[in-house]
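Notes follow once the structure below has been shown.
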Amino acid sequence: MRLKALTATLASVPITLFGLALVTFLIGRVVPIDPVLAIIGDRAPQDVVERTRLELGLDQPLYIQFWKYLGQILSGDLGRSVMTSNPVTQDIARFFPATFELATVAIIVAVLIGVPLGVWAATRQGSWIDQGVRLFCLAGHSLPVFVLGLISLLLFYATLGIAPGPGRQGIYFEGLVDERTGILTIDALLAGDMPAFRDAIWHLAQPAGVLAFFSLAYIARMTRAFMLAELKSEYVTTARAKGLSGVTIVWGHAFRNIAVPLVTVLTMTYAGLLEGAVLTETIFAWPGLGQYLTVSLLNADMNAVLGATLVVGLIYVALNLMADLLYRLLDPRVS
């Protein structure tokens, strides 16, 4: 029965990806930006405009344009960026590692703090600790990310001067470390350059901290809710009656049962960080996929915008599928 459910889940992936491709294609046709003028400029002669439109196939019916677009995607061709003159796939491969590094550090910090915080609050329901954690979660989940980013820069960089400014590394270290993985901290370690590594960590701290604070508030709130439901279960009452210690009940029994739904929450939070770091990267001048998408949109570079949007959608679908598969594999009650 479980194999049948997994097969059904995997079978839904092509349909989801087809829908994602269709949505991105329609976005490119609905936005009030002429792709021809974005390429050749709005001062080009009319005959050049018409010739370019024919070369791009924009004179053909939409369904034919879509099938050509789908064929390009399947062959790994996302077009060429007007802004950088590079293939969009090459640009994405260059900018994505920075986003991956930022989101991964943020989710690790959020999990290490948010999960224990949620468990701690649940075990002390109604106390001042619980109220404080709930207030903390409310603040972290309510404040917009760009507000948190601006406050962080104003306080730690402009006022106190204890944090570096925007950017991924200091001016002195730019170009000193060879890019092997694109993840600056790892590349610095591989090169054995500890000053560059410390500089990369120092620049990573603020944007990753902002994203982590926003994420751990949600993780702590969900962990608390899951744990409260488990602590009211009959098996917990029985365990207490048998004289088991609080630590054993909470972490040995209750937490093991909430681990399955918590995996889904953490996976979706991570997906949100990978596709939702646009504002944070813009504020901190972090050269990741979010900033690339923002600059491309401001420059009417639709190939880059659609390509980056498609990649973000693929990441979200992949992580959603992974969460669903893990949920089914870890929980024997789910068929």
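For Val30 and Asp178, what does the FRET efficiency come to when R0 = 35 Å and r is the distance between their Cβ atoms, rounded to the nearest 0.05? List each step's numbers first, then the result.
Values: r = 43 Å, r/R0 = 1.22.
Plugging the Cβ-Cβ distance into 1/(1 + (r/R0)^6) gives 0.25.
Ranked by accessible surface with a 1.4 Å probe, highest first, in what order do Lys242, Lys68 come?
Values: Lys242 160, Lys68 105 Å².
Descending accessible area places them as Lys242, Lys68.
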Full extension between Arg134 and Glu55 adds, at 0.36 nm per residue less the Cα distance, a length in nm of 22.6 nm
Zone reached by a paramagnetic label modelled 7 Å from Gln90 Cα along Cα→Cβ, restricted to the range 292-328 with backbone N below 11 Å, covers none
The percentage of the accessible area of the chain (probe 1.4 Å, all protein chains present) made up of carbon and sulfur atoms, to the nearest whole number, is 66 percent
For Arg80, the residues 5 or more places away or on another chain with a placed amide H closer than 5 Å to its own amide H are Val88
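Loop by DSSP (not H, G, I, E, B), at most 16 other beta-carbon atoms within 10 Å: where is the longest site-free stretch of the chain for GluC sites (Glu not before Pro)?
1-173
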For Phe100, the accessible surface traced by a 1.4 Å probe with all protein chains present amounts, in square angstrom to the nearest 10, to 80 Å²
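In Å², what does the accessible area per residue of the chain work out to with a 1.4 Å probe? Intermediate values should be presented prior to the final figure.
On the way: 17970 Å² over 335 residues.
Per-residue value: 54 Å².
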In Å, the C-alpha Rg and Dmax of the range 222-279 are 15.2, 52
Taking Rh as the Kirkwood radius computed over alpha-carbon pairs of the chain and applying Stokes-Einstein at 37 °C with viscosity 0.692 mPa s, one gets a diffusion coefficient in µm² s⁻¹ of 143 µm²/s
Reported to the nearest 10 Å², Thr181 has, with a 1.4 Å probe, an accessible area equal to 70 Å²
For the range 137-149, in residue order, the Karplus 3J(HN,Hα) values (coefficients 6.51, -1.76, 1.60; θ = phi - 60°; whole Hz; Gly and Pro = x) are 5, 5, 5, x, 8, 9, 5, x, 4, 5, 5, 4, x
So, with points 7 Å from each Cα along the Cβ direction, the Tyr157-Met194 label distance in nm works out to 2.8 nm
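What ranking of Leu70, Leu26 comes out by heavy-atom accessible area, probe 1.4 Å, highest first? Write out the running numbers ahead of the final one.
Working: Leu70 25, Leu26 80 Å².
Accessible-area ranking of Leu70, Leu26, largest first: Leu26, Leu70.
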SASA check, Tyr63, accessible area w/ 1.4 Å probe, all protein chains in place, rounded to nearest 10 Å², comes out at 150 Å²
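Put Ile315, Ile201 in order of accessible area, largest first, 1.4 Å probe: what do you get? Write out the running numbers ahead of the final one.
Values: Ile315 30, Ile201 75 Å².
Listed by decreasing accessible area, they come as Ile201, Ile315.
The values are calculated or read from the model by the stated rules, or taken from the named source; none is laboratory data. Treat the numbers as computed from the prediction; the structure is a model and nothing was measured. Glycine also receives a Cβ, built like all others from the backbone with ideal geometry; neighbour counts cover every protein chain displayed. Please note that ligands, DNA and RNA were not included when accessible areas were found on the heavy atoms of the full protein model with its side chains. Shrake-Rupley method; radii C 1.70, N 1.55, O 1.52, S 1.80 Å.
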